[in-house]
There are 2 protein chains.
Amino acid sequence: MNNKVYFTPGPSELYPTVPQHMQEAMQQKIGSISHRSKQFQEIYASAVTGLRTLLQLPDNYEVLFVASATEVWERAIQNNVRKESFHLVNGSFSKRFYETAQELGRKAQQHEVPFGQGFHVENIEIPESAELIALIQNETSSGACIPVEQIHRFKEKAAPDALIYVDAVSSLPYPAFDFSKVDSVYFSVQKCFGLPAGLGVWLVNERCVAKAEAILAEGHSIGSYHMLPSLLEKAQANQTVETPNVLNIYLLSKVLEDMNSKSIETIRRETDSKAAQIYTYLESSNIFSPAVENPDHRSKTTIVANSTMPASEVNKHLAAFDMQVGSGYGKYKESQIRIANFPAHSEVQVVQLLTKLAELES
Amino acid sequence: MNNKVYFTPGPSELYPTVPQHMQEAMQQKIGSISHRSKQFQEIYASAVTGLRTLLQLPDNYEVLFVASATEVWERAIQNNVRKESFHLVNGSFSKRFYETAQELGRKAQQHEVPFGQGFHVENIEIPESAELIALIQNETSSGACIPVEQIHRFKEKAAPDALIYVDAVSSLPYPAFDFSKVDSVYFSVQKCFGLPAGLGVWLVNERCVAKAEAILAEGHSIGSYHMLPSLLEKAQANQTVETPNVLNIYLLSKVLEDMNSKSIETIRRETDSKAAQIYTYLESSNIFSPAVENPDHRSKTTIVANSTMPASEVNKHLAAFDMQVGSGYGKYKESQIRIANFPAHSEVQVVQLLTKLAELES
């Protein structure tokens, strides 16, 4: 039996109801049902409805299931960019989206600021020719975020035809987007939704679909089985093109029921409250300090701290109390820690973590 | 509690040990561990070692994890075909690989025989210019197979540089391939491995990797995160590029331990024995008859029968006894049934199924 509480930034602590839903899934033999059955269509529909409710997603958006958020980067470029994309880059994941566009033969431009910094929207010049604007609402590697009201300002800054893409991989459902101000938002289930990894969710509006159809009609390839028109056709029948991760779609539908019972307002309020406690501690610590200087640019869901103690030492101490935080990303592996503040993490658990971190101070 | 036994051709009955492995996975919190942790690397290595043992896979092959066998079709074309591929087509899945090549802008040629028929290797002309030869060892839609010794003959028929790809999605580990006679074999875990869906396994030799590197070196795109060189680099570190379906890789490692304990010889012998019983029954039935005429071309793992009773009626009868077979594929939905004969299906279960099917005769 493993009793550790995982504050790692994803995979992370499972949502508390997941073990029970998994047991039910095994008893109901969800792993054996056909992905073309009515039973699967109902599970699929339940997951989509649950997500629409939780995120207050308007009707002009479609919910598409792919294998990972990493896959979304590739599909976004294939389906929505003829020639040129523009990327805000301030960490490893935003950089990777930029590189994906290049690997797929597109001209990619970036507005880059140092790792751990946020962006000042007024300083960003968006090229008129950029067809897709890649924003990173929450950079999981550095803990920097773009506040939602800043995200909403890009619509008027960009060319009218440009598509605004928002990476909310490790923050959704926390950020309350105005979906009329963006065109696509995507996330992974192993972050704030507290599920096992192996499913990416891609939200697209009708403008993304129309762009893919236009590129295809011009005779260009937009991929194969996961081109947007194919994804959409199956989604509208509550199915997927390939045999998907059925078990995860089932678990997502169940966790969404739980989250909707709790209400998105409560989830957001609790996230704010736990984040405030974590940052207050980090500000007062002799070992740790918030890695993102500007308080407005500090993520509420993936909280990164500089650490004068190697991250491996911090985790060695925490392991004795069945807790673990994330190490820093890449070259910050030992000099930073990352603390996930997801809906799965209770206030009691956060207080316990901060108490044990504080013991290192003495 | 669902006590149904699923003879559907995938997703299908889970391997009998899966519920217990899943319970252990939840207790060990496998869904929460980092995909960059030593613990994950050990799980990954265990799955690969288990597969190498079971399949007697030589060292010049790499084991790569992707999201589905459907994804393999796309990656194979992107990474291994500059211009032209050649496909043996005799059902819906082999057709789909052929169409994938076209969607990705390649010249695809096919040797097509009617649905439900096998191939006569001596009649097949392979174009000299074909870079990838797509064979379908087992066509899940129609129940037709290519015997392994016929598969092995393609190496000398094809141009020396051509890569022989084998779809064994719904048959592996049953077919005993000589891996020196082919270049790539792929499968899905929700068929004969008895796992929940959401993981594809792509076996490639060094010739596939070299071809991808050559195309990339020429300045052509071979995809992004799942291009062969990137998949390979991570695989050699017992990791994946993206956050993968960790839980399924864990379950695969455990089921492979169980299968290796049982031995591949026993699994193959039991598969033969159960298949013989099923075909013997179908030959004697007044309602059902084997859909594939030539006995040499009949699959041992996905057995398809023509049915004078609508498939939905057959399943209505079986449902009362907690059993289900697959309906026919596509336009054969009601006029055929498909019976999965996977390692998860015990001889006792097969006998019970045949007994209940026989009751329909009276």
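Laboratory data are not the source of any read-out in this text; all were calculated from the coordinates shown. Note that the structure is a prediction, hence the values are computed from the model and not measured. Note: ideal-geometry Cβ built from the backbone for every residue, glycine included; neighbour counts use all protein chains shown.
Brief remarks on what is shown
- Summary of the geometry: segment B:126-196 and segment A:91-147, compared by the centres of their Cα atoms, lie 42 Å apart.
- Taking the Cα centre of chain B as origin and assigning +1 to Lys and Arg Cβ atoms and -1 to Asp and Glu Cβ atoms, the resulting dipole is close to 600 debye.
- In this structure, the amide hydrogen of residue B:302, modeled 1.01 Å from its nitrogen in the peptide plane, lies closer than 5 angstrom to those of B:341, counting only residues at least 5 positions away or on a different chain.
- Partners of residue A:254 within straight-line reach, counting aspartates and glutamates whose Cα lies under 18 Å from its Cα and excluding those fewer than 8 residues away in the same chain: A:13, A:24, A:42.
- For residue A:316, the lysines whose Cα falls under 17 Å of its own Cα, not counting residues fewer than eight places away in the same chain, are A:4, A:333, A:356, B:38.
- 3J(HN,Hα) from dihedral phi, segment A:44-49, Karplus parametrisation 6.51/-1.76/1.60, rounded to Hz, x for glycine, proline: 4, 4, 5, 5, 5, 4
- Measuring nothing but how far apart in sequence close Cα pairs (under 8 Å, 6+ apart) lie, relative to its length, segment A:18-260 scores a relative contact order of 28 percent.
- Averaging the sequence gap over all C-alpha pairs within less than 8 Å and six or more residues apart, then dividing by the number of residues, gives segment A:213-354 a relative contact order of 18 percent.
- Residues with amide H under 5 Å from that of residue B:336, placed H, sequence gap 5 or more: B:307, B:311, B:328
- Size of segment A:18-260 from its Cα atoms: along the principal axes, largest to smallest, the extents are 55, 41, 30 Å.
- Residues with amide H under 5 Å from that of residue A:5, placed H, sequence gap 5 or more: A:323, A:324
- 3J(HN,Hα) from dihedral phi, segment B:19-25, Karplus parametrisation 6.51/-1.76/1.60, rounded to Hz, x for glycine, proline: x, 5, 5, 5, 4, 5, 4
- Taking the convex hull of Cα positions in the protein assembly as shown, its mean projected area over all directions (nm²): 29.5
- Each Cα pair of segment A:223-362 feeds into the Kirkwood radius, which the Stokes-Einstein equation turns, at 25 °C and 0.890 mPa s, into a diffusion coefficient of 139 µm²/s.
- J(HN,Hα) series, segment A:333-341, from Karplus relation 6.51 cos²θ - 1.76 cosθ + 1.60, nearest Hz, glycine and proline x: 3, 9, 8, 9, 10, 10, 10, 6, 10
- Charge dipole (debye, nearest 20) of the protein assembly as shown; +1 at Cβ of Lys and Arg, -1 at Cβ of Asp and Glu: 620
- Where rotation carries B onto A, the chain B residue whose Cβ is nearest that axis, in whole Å: B:67, 2
- Fully extending the segment from residue A:346 to residue A:316 would add 8.6 nm, taking 0.36 nm per residue of separation and subtracting the current Cα-Cα distance.
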